[in-house]
Structure formats: structure tokens, C-alpha cells
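S.K.: Got a structure for you, questions after.
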Amino acid sequence: MPTLEMANPAALPADWRDIFALTKPRVMSLVVFTGLAGMLAAPAIPPLALGFTAILCIALAAGACGALNQWYEADLDAKMRRTAKRPLPAGRMDPQSALHFGVGLGGFSVLLMGLATNWLAAILLAASILFYVLIYTVWLKPRTAQNIVIGGAAGAFPPLIGWVAATGHVAALPLLLFAIIFLWTPPHFWALSLFVRSDYAAAGIPMLPVVAGVTNTRRQIFFYSLPMAAAAVAPWPLGLTGPIYGVSAAILSFVFLVLAGRVLANKATDPAKMEPEKHLFAFSVFYLFALFTVLVADRFLPW
Amino acid sequence: MRPEDEIIRKRQRERARIMAILLGGFVVLLFFITMAKTGLNW
């Protein structure tokens with residue numbers, strides 16, 4: 001048997017763990033959760049097999065986005081401490097394999113969604129992949145500090161897709177859920193980018209703290225939190241949800257605003273002294289999980 | 001066989017095993033999707 005010269009580790013067949021890491025599993029968990037919540041909040045619950053397939057497709061599409069994002073940004077990832085150990089910048093994987101994997105996974109997820117549920121859900125799924133990869137990753141992220149604001153729409157699609165997969169049509173509540181995630185994304189990411197801004201600066205990514213400074217970013221975080229809180233509470237007065245959701249959303253949003261206010265009041269520029277920013281970032285993840293949990297609870301609990 | 005060849009074979013075996021599991025799962029999923037689509041609602 002002829003032996004192969006393997007001086008370059010990327011020439012080896014990729015380890016399956018690296019292929020899995022390409023899908024950004026941690027990001028996928030939040031996407032799957034919001035997609036599932038959108039589906040469970042819908043008035044029609046699909047058969048178990050179709051509901052499971054719809055969520056699987058959302059997860060696969062998120063994985064495809066992660067893979068394509070890492071393929072496109074491999075050179076930027078190599079410059080940031082947080083991302084330098086990913087399979088592509090670390091040289092453990094061939095870039096073309098990542099590209100093929102991402103495109104294949106994305107195409108498969110859209111096709112399966114269309115065949116198993118409905119083609120409106122499949123079109124929305126395809127739109128979310130294209131939006132994330134082309135509009136956010138390729139176009140906005142390297143060019144403008146507003147990348148997160150418009151790019152946030154990509155992450156806002158899952159509850160809408162979950163709802164449409166269950167019902168076959170768009171309604172007011174899933175559009176509000178879309179708006180909540182859309183408005184939640186800037187404060188969430190800007191809180192993170194404040195305490196890792198040296199990483200973004202090193203990679204030349206124009207995140208808001210790098211371009212506009214920390215004070216302006218803190219102000220923007222607070223001002224974006226206000227419409228986010230309003231959108232989060234809105235389904236209750238509009239009669240789209242009950243008091244379980246409404247009261248919980250009001251309390252959660254109040255805490256979010258208090259934490260955003262603490263960020264606004266912080267004057268530190270050293271990341272080691274950015275406790276309010278770290279607290280807001282951690283709470284923002286909990287906030288979204290909690291909000292969508294009470295949304296589903298409100299739908300199924302009898303009072 | 002060189003150590004590098006051994007790594008290649010090991011990775012190929014692992015990937016083949018995972019691919020087999022995923023394909024098996026996909027077949028089962030298609031069965032249940034078909035049942036649900038035909039109105040049997042398993």
C-alpha cells in the first residue's frame with residue numbers, strides 16, 4: 001500500500017469532532033430553543049415527526065451558517081485569541097471541506113424542511129442562511145459598525161420559522177418574536193464586544209466599541225434595550241399572550257434595563273473592570289431563554 | 001504502516017461509523033415523516 005505524505009495536518013481527513021465544532025454547537029442551542037418556542041407558541045401543533053424534523057432543519061441550517069461563517073472568516077479567526085483554536089485557523093481542516101460541508105448542510109436542511117413541513121418555512125430558512133452568510137458575514141461585518149444591528153435579523157428568524165413550520169402562515173406574534181431577538185442582538189453583542197474589543201481591533205473588525213468608543217457603545221446598549229423591552233412586553237397588551245408571559249416579560253425586561261443602566265454608568269475602559277458588561281452579557285442569554293420559556297408556559301398553562 | 005497512515009485509517013473508521021449512524025437515523029426519520037404525511041400520525 002502506498003504511504004501518503006502528511007506534512008500538513010489539514011491534508012488529513014478531518015476529525016469528526018472538528019467537523020462538529022464547525023457548526024458552533026453552543027450558538028445552535030439558542031437557535032434551536034427559540035425555534036422550538038416559536039413552534040410551541042403557535043396555535044397548531046404539528047405531528048411529532050414533522051415538528052422534530054422542522055427543529056432538526058433549523059439546527060442543521062444554523063450549523064451550515066456556522067460552518068460557512070468559519071470558512072469565510074478563517075483568516076480573521078486566526079488573529080483573535082477567542083477563535084484562533086477553531087479547526088480552520090488552527091490548520092486541522094482543509095477550507096474546501098468546510099465550504100462543501102456548509103453548502104451541503106444548508107441545502108439539505110432547506111430541502112428537508114420543504115418536503116416535511118411547507119415551502120414557506122423552507123423559503124424563510126433559506127433566506128435566514130443567505131442573510132447570515134451573504135448580508136451579515138460577507139457584506140456588513142467587515143464594513144460597518146452597524147453590522148450587528150442589521151445582522152441581528154439572521155438570528156431572529158428561528159421562532160418565525162418554527163411558527164410557520166407549524167401553521168403554514170405568518171402572524172403577528174411570531175413577527176413580534178422576530179422583533180424581540182432583532183432588538184436584543186445589539187445590546188447582547190455590544191456588551192460582549194466591550195470586554196473583548198482588543199480581539200476585534202486586532203482582527204480589524206469594525207465593531208462599535210472599536211469604531212465609536214466605549215462610552216458611545218454603552219449609550220447605544222441602553223437605548224437599544226428600551227425598544228427591546230417594549231417589544232418583549234407588547235404581546236400581552238396586544239392580547240397575543242396571557243398574564244404569565246406579560247408579567248414575566250415585564251420583570252425580566254426591567255432587570256435587563258437595570259443592568260443596561262449599570263453598563264451606562266460604568267466608566268471603565270480596562271476589560272478587567274467591566275463587571276457590569278459581563279453581567280449584562282450573561283443575563284442577556286438567560287433573558288432570551290427565560291422569555292421564550294414563559295411564552296410557551298403561557299400557551300399551555302390553564303390560567 | 002506509518003503512524004500517519006494509522007491516524008488516517010482511524011479517522012476514516014470513525015467518520016464512516018458516524019455517517020452510518022446518521023444515515024440510519026435519516027431512514028428512520030423519513031419513515032416517520034411519511035407516516036405523518038399520510039395521516040397515520042405516528
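Here, each number is a calculation from the coordinates, and none is a lab measurement. Keep in mind that what you see is a predicted model, and the values were worked out from it rather than measured. Glycine also receives a Cβ, built like all others from the backbone with ideal geometry; neighbour counts cover every protein chain displayed.
S.K.: What is the distance, in nm, between label points placed 7 Å from the Cα along the Cα-to-Cβ direction at residue A:171 and at residue A:26?
M.R.: Label-label distance for residue A:171 and residue A:26, simple model: 3.5 nm.
S.K.: Restricting to Cα pairs below 8 Å that are 6+ residues apart, what does the relative contact order work out to for the stretch A:111-229? Please round to a whole percent. Working shown, then result.
M.R.: On the way: 141 pairs, mean separation 29.1, N = 119.
Reported as a whole number, the value is 24 percent.
S.K.: Continuing with this model, one more query. Please give the contour-minus-distance gain from residue A:143 to residue A:211: 0.36 nm per residue of separation, less the Cα-Cα distance, rounded to one decimal in nm. Walk me through the numbers on the way to the answer.
M.R.: Working: separation 68, 0.36 × 68 = 24.48 nm, distance 1.09 nm.
Contour length minus Cα-Cα distance gives 23.4 nm.
S.K.: Sticking with this structure for a sec: Report the per residue volume, in Å³, of the convex hull enclosing the C-alpha atoms of the stretch A:156-210. Numbers along the way, then the final one.
M.R.: On the way: hull volume 4.6 nm³, N = 55.
Convex hull of Cα atoms, per residue: 84 Å³.
S.K.: Taking the Cβ-Cβ separation of residue A:268 and residue A:238 as r and a Förster radius of 45 Å, what is the calculated FRET efficiency to the nearest 0.05? Walk me through the numbers on the way to the answer.
M.R.: Details: r = 40 Å, r/R0 = 0.88.
The value I calculate is 0.70.
S.K.: By its C-alpha gyration tensor, with a ≥ b ≥ c as the square roots of the eigenvalues, how is the stretch A:67-158 shaped: rounded for a/c under 1.5, else prolate for a/b larger than b/c, else oblate? Walk me through the numbers on the way to the answer.
M.R.: Values: a/c = 2.98, a/b = 1.39, b/c = 2.14.
Oblate is the answer for the stretch A:67-158, as a/c is 1.5 or above yet b/c matches or exceeds a/b.
S.K.: With a/c under 1.5 counting as rounded, go ahead and sort the protein assembly as shown into rounded, prolate or oblate using the C-alpha gyration tensor (a ≥ b ≥ c being the square roots of the eigenvalues; past the cut-off, prolate if a/b is larger than b/c, else oblate). Let's see the in-between values first.
M.R.: Numbers: a/c = 2.34, a/b = 1.14, b/c = 2.06.
Oblate.
S.K.: Rank A:115, A:56, A:146 by how far each Cα sits towards the positive end of the charge dipole of the protein assembly as shown (+1 on Lys, Arg Cβ; -1 on Asp, Glu Cβ) and give me just the farthest.
M.R.: Checked the options; the winner is A:146.
S.K.: Which of the three applies to the stretch A:125-251, rounded, prolate or oblate, going by the alpha-carbon gyration tensor with a ≥ b ≥ c and a/c under 1.5 meaning rounded?
M.R.: On the way: a/c = 3.36, a/b = 1.47, b/c = 2.29.
Taking the square roots of the gyration eigenvalues as a ≥ b ≥ c, the stretch A:125-251 is oblate.
S.K.: Tell me, in nm to one decimal, what length is gained between residue A:81 and residue A:223 on full extension, where the rule is 0.36 nm per residue of separation less the Cα-Cα distance? Display every interim value, and only then the final one.
M.R.: Values: separation 142, 0.36 × 142 = 51.12 nm, distance 3.00 nm.
Roughly 48.1 nm would be gained on extension.
S.K.: Can you compute the helix-only [θ] at 222 nm over chain A? Use -39500 (n - 2.57) per DSSP H run of at least 4 residues, normalise by all residues, nearest 500 deg cm²/dmol. Walk me through the numbers before you get to the answer.
M.R.: On the way: 13 runs with 212 residues, N = 303.
Helix contribution divided over all residues of chain A: -23500 deg cm²/dmol.
S.K.: On a full-extension model of 0.36 nm per residue, what is the gain between residue B:9 and residue B:22, subtracting their alpha-carbon distance, rounded to one decimal in nm?
M.R.: Contour length minus the Cα-Cα distance gives 2.7 nm.
S.K.: Only helices at least 20 Å long along their axis, Cα-based, and averaging 1.6 or more on Kyte-Doolittle count here, so list those DSSP H runs from chain A. Could you put the intermediate results ahead of the total?
M.R.: Details: long enough: A:25-41 (24 Å, 1.52); A:48-72 (36 Å, 1.49); A:95-116 (31 Å, 1.21); A:147-167 (32 Å, 1.31); A:172-195 (36 Å, 1.70); A:214-233 (29 Å, 0.51); A:243-265 (32 Å, 1.91); A:275-300 (37 Å, 0.90).
Span-like helices, by this rule, are A:172-195, A:243-265.
S.K.: To continue, here is another question. Which value, in debye to the nearest 20, describes the size of the charge dipole of the stretch A:152-274 about its Cα centre when Lys and Arg Cβ atoms bear +1, Asp and Glu Cβ atoms bear -1, and nothing else is charged?
M.R.: Details: 6 positive and 2 negative charges, 67 e Å.
Computed charge dipole of the stretch A:152-274: roughly 320 debye.
S.K.: Please work out how many pairs of lysine residues in chain A are eight or more positions apart (or on different chains) and have Cα atoms closer than 19 angstrom. Can you show the working numbers first?
M.R.: Numbers: A:24/A:79; A:24/A:85; A:24/A:141; A:79/A:141; A:267/A:278.
The result is 5.
S.K.: Report, to the nearest 10°, how far helix B:3-37 tilts away from the longest principal axis of the Cα atoms in chain B, using its own Cα long axis and a range of 0 to 90°.
M.R.: 0 degrees
S.K.: Note down the magnitude of the dipole of the protein assembly as shown about its Cα centre, charges +1 on Lys and Arg C-beta and -1 on Asp and Glu C-beta and zero elsewhere, to the nearest 20 debye.
M.R.: Numbers: 27 positive and 16 negative charges, 82 e Å.
Using only the charged Cβ atoms, the result is roughly 400 debye.
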